[in-house]
Amino acid sequence: MESLLSALVVLLLVSFSFFTSSEALTSNNGNITIKWDIMDWKPDGYVALVTAYNYQKHLSIPSPGWKMSWRWTKREVIRSMVGAKPTEQGDCSMFKRNIPRSCLRKPTVIDSLPGVPYTQQIANCCRGGVMKPGSDSSFQLYAGKAGNSAKTVRLPANFMFTAPKQQYVCGPTKNVRPTRFISSDKRRTTSAFMTWKIVCLFNKAT
Ligand SMILES: *[C@@H]1O[C@H](CO)[C@@H](O)[C@H](O)[C@H]1NC(C)=O
């Protein structure tokens, strides 16, 4: 009887955790989707366009804005960034010249402010991390020491997305069908070399 009871408890716990983990993947209130489009290969890495979409119906990301972090899986470095900036450089002492913007294993990135020079802006950047429902926020990143082909690059992992007084939980990085981009005159389409996607859900107010 006792073993039957404990088996039942275990079964309940297992089904509960299964329920919460599958539950954690979708929400009726929407989500924050991060897309990582590889746009160009470099001798030692790649250039990516990273975009966060606020697909939430009611939640805005207020000032001072979103923060995004991840863990590199290959000891990549951020050689340069346009439209946003890493908050810390970390230890780049192994580089004697062309010092990267960040050598941290787990970099944190914030959006630039509206006043940055035009040469440091791209489309949909530089709103100080503020995002209304239905809007997006982009930056461009040059990852060095990253591999420069579909076979040698690695997906960054452990994404975290945070906003003032809001905590989010992000799912795994997934390799998805490459994004297609349509030129503004609609006469030409281009495609990302690879596209990775992360979905984050609002967890709780903090
Ligand atoms: C995230 O939101 C988008 C836009 O509403 C939706 O298409 C997508 O299925 C959602 N993803 C998940 C995992 O909930």
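The values are calculated or read from the model by the stated rules, or taken from the named source; none is laboratory data. This is a predicted model, so every value here is computed, not measured. Every residue, glycine among them, receives a Cβ derived from its backbone with ideal geometry; neighbour counts consider all protein chains shown. Side chains are part of the model used for accessible areas, which takes the heavy atoms of the whole protein and leaves out ligands, DNA and RNA. Shrake-Rupley method; radii C 1.70, N 1.55, O 1.52, S 1.80 Å.
Figures for the structure shown
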| item | result |
| --- | --- |
| In segment 38-75, residue surrounded by the most Cβ atoms within 10 Å (Cβ to Cβ) [restricted to those that are of a type in the set (A, V, I, L, M) and closer than 13 Å to D111 by Cβ] | I61 |
| Residue check for S138: surrounded by fewer than 21 Cβ atoms within 10 Å (Cβ to Cβ), hydroxyl-bearing (S, T, Y) and within 21 Å of P178 (Cβ to Cβ) | yes |
| Count - residues of segment 149-165 that are of a type outside the set (K, R) and either part of a loop (DSSP other than H, G, I, E, B) or open to solvent by 60 Å² or more (accessible area, probe 1.4 Å) (or both) | 9 |
| Selection count, segment 92-107, where residues are of a type in the set (S, T, N, Q) and farther than 25 Å from N158 by Cα | 2 |
| Some residue of segment 20-35 being modelled with pLDDT of 95 or more and among the charged types (D, E, K, R) | yes |
| Subset of segment 174-206 [open to solvent by 30 Å² or more (accessible area, probe 1.4 Å) and within 16 Å of the ligand (Cβ to nearest atom)] | K174, N175, V176, R177, K197, V199, F202, N203 |
| Subset of segment 43-72 [in a loop (DSSP other than H, G, I, E, B) and either free of Cβ contacts under 8 Å to residues at least 12 places away in the same chain or among the polar types (S, T, N, Q) (or both)] | Q56, S60, S63 |
| Subset tally (residues that are touching a Gly at 6+ places or on another chain (Cβ under 9 Å) and charged (D, E, K, R)) for segment 78-95 | 1 |
| Lone unmet requirement of (1) exposed (fewer than 15 other Cβ atoms within 10 Å of the Cβ); (2) part of a strand (DSSP E or B); (3) not β-branched (V, I, T) for Y168 | (1) |
| Test result for S102, surrounded by fewer than 13 Cβ atoms within 10 Å (Cβ to Cβ) and of a type in the set (S, T, Y) | no |
| Failed item, numbered, when T179 is tested on (1) at negative phi; (2) within 12 Å of the chain's Cα centre (by Cα); (3) of a type in the set (S, T, N, Q) | (2) |
| Qualifying residue in segment 81-88 (condition: away from the ligand (no atom under 16 Å from the Cβ), open to solvent by less than 50 Å² (accessible area, probe 1.4 Å) and assigned to a loop (DSSP other than H, G, I, E, B)) | yes |
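Residue-wise test of (1) farther than 21 Å from R75 by Cα; (2) part of a strand (DSSP E or B); (3) out of contact with any helix residue (DSSP H, G or I) (no Cβ under 8 Å at 6 or more places or on another chain).
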| residue | (1), (2), (3) |
| --- | --- |
| G128 | yes, no, yes |
| Q140 | no, yes, yes |
| G147 | no, no, yes |
| K197 | no, yes, yes |
